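For reference, the structure is listed below as structure tokens.
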Amino acid sequence: TRLYVIADDSMMGRSAATSYNAKGALYIDREVRRLGLQPAGENGTYFQFPLEQRELDPTTTLSVGGKPVALWTEFAPRDQGPGGRAFDGATVIYAGSLGAPQKLLPPAAVAGKIALVTAAKDSAGRGNFNVNRAQLTGRFPDAAAIAVVTLDYVPPGYIDQVYRTALVAPKGVGDTRAAPSYFYITKAVAAAMLGRDAELAEPGAQGGAVRGQIRYIVKEAPARSVIAVLPGSDPALRGQYVAIGAHNDHVGFTTEPLDHDSVKAYQR
């Protein structure tokens, strides 16, 4: 019965940081209370809130040449953690193409500037939108920001599903060391920044100043753990604990329709 309750379609996959995960936790809370187990969560409850989520602050802005750049359609920020640098007023420099990594500028050349990077392309001229953010951050650690020209190549729905999704992580986890801010832009925004087509520019080409800021708000994530204790009966072992754990979250749900006959055939 418990399995059917927790795994029911109405629970919508119980993805962490969703109301459906909270419903699952409330059901487990009700059951451990009914069983008479002792609470071991925060403030005398059965709940522990071990996660926090970082959401983009709505005051985040970007403008080039005095013209605002549209959030999520013309530029898409990525969270670099608490150490993300301010870049307001920094100038742009073309750092090169990921299609020719041997020609990328040395790190010192972009220090304190906005490093503009173009994507590699395949034989059909399609840009690779899936850029390794950690590698680029490591390549230009002292840049004020890194702007990657990939938004024109991102498939439909990817921005909402990946870039706009709040980061959920354990409390206290995250690199606080200074790091360049990071965002993706369209080819048109890159041209405005650089004053020319970035994909035709030579590494080292200078652009103008960019105004803006990327900020994140830290919130307590709604996902929660349920912790309860069943005391042992052996006085000699009462100071020892056996921890039994399981995930109360799951994979969420898809918005794509599925042919249930095909699913059944695959499962069989």
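The values are calculated or read from the model by the stated rules, or taken from the named source; none is laboratory data. The shown structure was predicted, so the numbers you read here are calculated from the model rather than taken from an experiment. When we count neighbours, we look across all protein chains shown, and the Cβ atoms used for this are built from the backbone with ideal geometry, even at glycine. All accessible areas refer to the heavy atoms of the entire protein, side chains included, with ligands and DNA or RNA removed. Shrake-Rupley method; radii C 1.70, N 1.55, O 1.52, S 1.80 Å.
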Per-q log10 I(q)/I(0), segment 90-211, q = 0.10 Å⁻¹ (Debye; single scatterer per alpha-carbon; no solvent)
-0.31
Taking alpha-carbon centroids only, segment 58-75 lies from segment 148-214 a number of Å equal to 11 Å
Under unit Cβ charges (Lys, Arg +1; Asp, Glu -1), what dipole magnitude, rounded to 20 debye, does the chain have relative to its Cα centre?
320 debye
Find the Cα radius of gyration of segment 45-119, compare it with 2.2 N^0.38 Å by division, and give the number to two decimals.
1.51
Just need the relative contact order of the chain here, percent rounded to a whole number, with Cα pairs under 8 Å and 6+ apart.
34 percent
Accessible area of the chain belonging to carbon and sulfur atoms, whole % at 1.4 Å probe:
53 percent
Subtracting the Cα-Cα distance from 0.36 nm times the residue separation, let me have the gained length for residue 48 to residue 4 in nm, one decimal.
13.4 nm
Give me the distance in nm between label points sitting 7 Å out from Cα along the Cα-to-Cβ direction at residue 230 and residue 34, one decimal.
1.6 nm
Over all distinct alpha-carbon pairs, what is the Kirkwood Rh of segment 1-81 in angstrom?
16.6 Å
Cleavage-rule hits, trypsin sites (Lys or Arg not before Pro), segment 36-134, DSSP coil, Cβ neighbours within 10 Å at most 14
126
Full-extension gain between residue 164 and residue 211, please, as 0.36 nm times their residue separation minus the C-alpha to C-alpha distance.
14.8 nm
Before rounding to the nearest 500, sum -39500 (n - 2.57) across all DSSP H runs of length at least 4 in the chain and divide by the residue total; then give [θ] at 222 nm in deg cm²/dmol.
-4500 deg cm²/dmol
Residues residue 57 and residue 246, FRET efficiency given R0 of 22 Å [Cβ-Cβ distance, rounded to 0.05]
0.05
Whole-number accessible area per residue in Å² for the chain, which is evaluated in the context of all protein chains at 1.4 Å
60 Å²
FRET efficiency for residue 126 and residue 72, Cβ-Cβ distance as r, R0 = 22 Å, nearest 0.05?
0.55
Please give the charge dipole size of segment 224-268, origin at the Cα centre, charges +1 on K and R Cβ atoms and -1 on D and E Cβ atoms. Round to the nearest 20 debye.
220 debye
Just checking my list [x] 74, 49, 34; [y] 51, 47, 35; [z] 66, 44, 31 against Cα extents along the principal axes in Å computed from this structure; which label fits?
[x]
